[in-house]
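The values are calculated or read from the model by the stated rules, or taken from the named source; none is laboratory data. Worth saying up front: this structure is predicted, and the values here are computed from it rather than measured. Note that each Cβ is placed from the backbone with ideal geometry, even for glycine, and that neighbours are counted across all protein chains shown.
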Amino acid sequence: MELAFLKGLGPKNIALLHKLKIESLEDLMTFYPFRYNFIKRSNINTLEDHDTIIIDGVIEDFPKVFYINKKLNKLSFRFNIGAKIVGVTIFNRAFLKRNLTVGKSLTIIGKWDLKHNMIVASEIRFGKLERETIEPIYHTTYGLSNSSIQKWITACLSLNLEVEDYLPNEIISQYHFLSKMDAIKIIHHPNEIESLKKARTRLKYEELFLFMLKMNYLIANKSITLGLKRKIDEKKVKLFIDSLPFSLTHDQQKAIDDIYLDLISPKRMNRLIQGDVGSGKTVVSIVAIYINYLSGYQSALMAPTEILAKQHYETLNKFYEKFGIKSALLTGKMKVKERKELLSRLKNGEIDVIVGTHALFTDDVIYQNLGLVITDEQHRFGVNQRSNLKNKGYTPDVLYMSATPIPRTYALTLYGDMDISNIKTMPNGRKEIITSIKGEKDIKDVLQAMYEQLQLHHQIYVVAPLIEESENSDFENVHHLEEKMNLAFGKLYHIGVLHGKMKDTEKENIMNQFQENEIQILISTTVIEVGIDVKNATMMVIFDSYRFGLSALHQLRGRVGRSEFQSYCILISNRDTKRLEILSKTNDGFKISEEDFKLRGSGDLFGVRQSGDMTFHLADLKRDYNLLLRAKEDSLAYLKNHDIEKDDKMLSILLDSIIQA
């Protein structure tokens, strides 16, 4: 049902909700809180200076406003909390003055200034809240507050709309689950922790059950999917491999052998190649495309960013030039005439391999005979994006590549519908990245190490976990780091800043400048995790590194060490250094992912929140792994005991996500 159906929700707020990917009332109901504030009243007599305080009282006198400058004002008043009267000060809330009348009840949240008998407030709430409150906190966007989202969700729930419950009745009975609507209501308006836990478990389980049901259904049916008929001259494949300017590693050759056997098989290939950054997955894909070319079919290589797509295109051209293979790059920025001409050549079969981003699967992109689809960093694309591309041809073979190795048992659960090839051995000549852990007190040593690399005319990545400073946070952010780096190196070297809130054109411009060595120090958030190959970058400095999962840190570290130069990674952290020591002992991504999985520390296995087919409203594949295993067993039992083809409801759920997969 459309959002406009909700009374009082106008076009402006609907547009803001769209920014949060809320397109319907069903989306609004399932836009769950990402965390909760557990508000408990403070005993002011036990608080120390600068402690957080949450306290009720009434306004004792009329508030006064002081204007410090054009951008800063201070509102102050006396506040009667029963046992005593304290002062309250809040900044940049002058507009509240008209509503702060003597005798009005408030709840104040802020910091306790013991010396001055005063609360420096961060929030003023009108009325007296219940003694203990569980407050849902939602992701927001500029112009849309947490309270606004709460208001619209409450209004939506009051309509008592029907929600599709995807769990079979036997599962609901087996685990004594709440009804789906009851769980949704509790998750948005929790009264106590136990019922909140039950509601979250119920909704998580449904997501995981559906995921595993789809996965197990695919596994059961993958063997009957017929692929393309091919004739491939194995001698020509060997000649192409021999022409490469380097020798393949054992694992690369094994992966190519797997792909060759897949392509000559009557079954459709559905293979995942996983290996560390720099392990040589791209070379494997180059050979795979050549094998596909020999059999007379077109190939498509999809990358998550235009920068990476361009990099792949340039690499392919370098290897294919003398073999007469015609390649092309399709981006969203092409001029209309140029795009039209390229698409015409693709449709007529004049292009053998095309490289691009999601632009490859738009409706106007028509292939003459697409035979191979390669998706780089596959977990960054949704199931619909990947399906749209592989449905462009008549059952093209599919190859996925991922630089995020995951434990074998975990891979079998998540990627059970795929065959997996692992590339563990690194190409000859690659030096291991030297990783060290430093505290913030060691910042002078870090700056000295950076200076030594800059003097060698090398470049450096500096990573911060946040884009902007958030309340009550001491984590480094890109803007603070920019100030620090400018102070240390600004007169000698060029410094650039990159983060996810920038426009794509701005990001591309900064990355191109870094690639051309016009920028020597690039300060960034984790958007560089999948970026261009800058061989001259030899140092990675990561602030507040305890905030990241080990796999995420390993992915970031993989941005350096891509040449014959010795490279370094410095992890700056004042906490959890024992966990980080794993990174200083090994560069093996498979070992690191195993440790990351065991520890279940901050971050997650993929370095980013699961995306693509693994986008869940609540469930987290790592944190909820035991629940995932239970859902796996239950889904297998359900498929065994039910004829899905005759179950219209469940079949439609499955087909909705895996059409022609």
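Taking the listed residues 233, 276, the one that is surrounded by 21 or more Cβ atoms within 10 Å (Cβ to Cβ), touching a residue at least 40 places away in the same chain (Cβ under 8 Å) and of a type outside the set (A, V, I, L, M, F, W, C) is 276, with no other qualifying. For segment 85-95, the criterion of being in a loop (DSSP other than H, G, I, E, B), among the small types (Gly, Ala, Ser) and surrounded by 14 or more Cβ atoms within 10 Å (Cβ to Cβ) is met by none of the residues.
Screening the candidates 142, 138 for the property of being at pLDDT below 90, within 35 Å of the chain's Cα centre (by Cα) and over 30 Å from residue 650 (Cα atoms) yields one hit, 142. With respect to the conditions (1) under 30 Å from residue 27 (Cβ atoms); (2) among the aromatic types (Phe, Trp, Tyr); (3) surrounded by 14 or more Cβ atoms within 10 Å (Cβ to Cβ), residue 142 lacks only one, and its number is (3).
Are any residues in segment 534-585 assigned to a loop (DSSP other than H, G, I, E, B), of a type in the set (S, T, N, Q), at pLDDT below 90 and over 23 Å from residue 441 (Cα atoms), and if so, which ones? Outline the logic, then answer.
The initial filter retains those residues of segment 534-585 that are assigned to a loop (DSSP other than H, G, I, E, B), namely 534-536, 543-544, 548-549, 558-567, 573-576.
When the remaining residues are screened for being of a type in the set (S, T, N, Q), the result is 536, 563, 566-567, 573-574.
Going one step further and asking which of them are at pLDDT below 90, we end up with 563, 574.
Residue satisfying the conditions is 563 alone.
For segment 153-167, state whether one or more residues are modelled with pLDDT of 90 or more, in a loop (DSSP other than H, G, I, E, B), of a type in the set (A, V, I, L, M) and within 24 Å of residue 38 (Cβ to Cβ). Within segment 153-167, none of the residues are modelled with pLDDT of 90 or more, in a loop (DSSP other than H, G, I, E, B), of a type in the set (A, V, I, L, M) and within 24 Å of residue 38 (Cβ to Cβ). For segment 169-206, a tally of residues being touching a residue at least 40 places away in the same chain (Cβ under 8 Å), over 20 Å from residue 626 (Cβ atoms) and surrounded by 19 or more Cβ atoms within 10 Å (Cβ to Cβ) returns 4.
Any residue at all in segment 33-47 that's under 24 Å from residue 181 (Cβ atoms), in contact (Cβ under 8 Å) with a residue 12 or more places away in the chain and buried (at least 18 other Cβ atoms within 10 Å of the Cβ)? Within segment 33-47, one or more residues are under 24 Å from residue 181 (Cβ atoms), in contact (Cβ under 8 Å) with a residue 12 or more places away in the chain and buried (at least 18 other Cβ atoms within 10 Å of the Cβ). How about segment 413-520: which strands (runs of 3 or more DSSP E) wholly inside it have at least 3 residues that are at pLDDT 95 or above and of a type in the set (D, E, K, R)? So the answer is none; nothing clears 3.
Restricting attention to segment 286-334 and to residues that are in contact with a helix residue (DSSP H, G or I) (Cβ under 8 Å, 6 or more places away or on another chain) and among the small types (Gly, Ala, Ser), the residue that is nearest to residue 376 (Cα to Cα) turns out to be 303. Taking first residues from segment 341-357 that are touching a residue at least 40 places away in the same chain (Cβ under 8 Å) and over 12 Å from residue 330 (Cβ atoms) and partners that are among the aromatic types (Phe, Trp, Tyr) and assigned to a helix (DSSP H, G or I), the Cβ contacts under 6 Å between residues at least 6 apart in sequence or on separate chains come to 352/293. Note on segment 362-373: residues that are surrounded by fewer than 22 Cβ atoms within 10 Å (Cβ to Cβ), hydrophobic (A, V, I, L, M, F, W, C) and touching a strand residue (DSSP E or B) at 6+ places or on another chain (Cβ under 8 Å) amount to 1.
Of the listed requirements (1) surrounded by 13 or more Cβ atoms within 10 Å (Cβ to Cβ); (2) within 20 Å of residue 191 (Cβ to Cβ); (3) over 32 Å from the mean Cα position of the chain (by Cα); (4) not acidic (Asp, Glu), residue 155 misses just one: (3).
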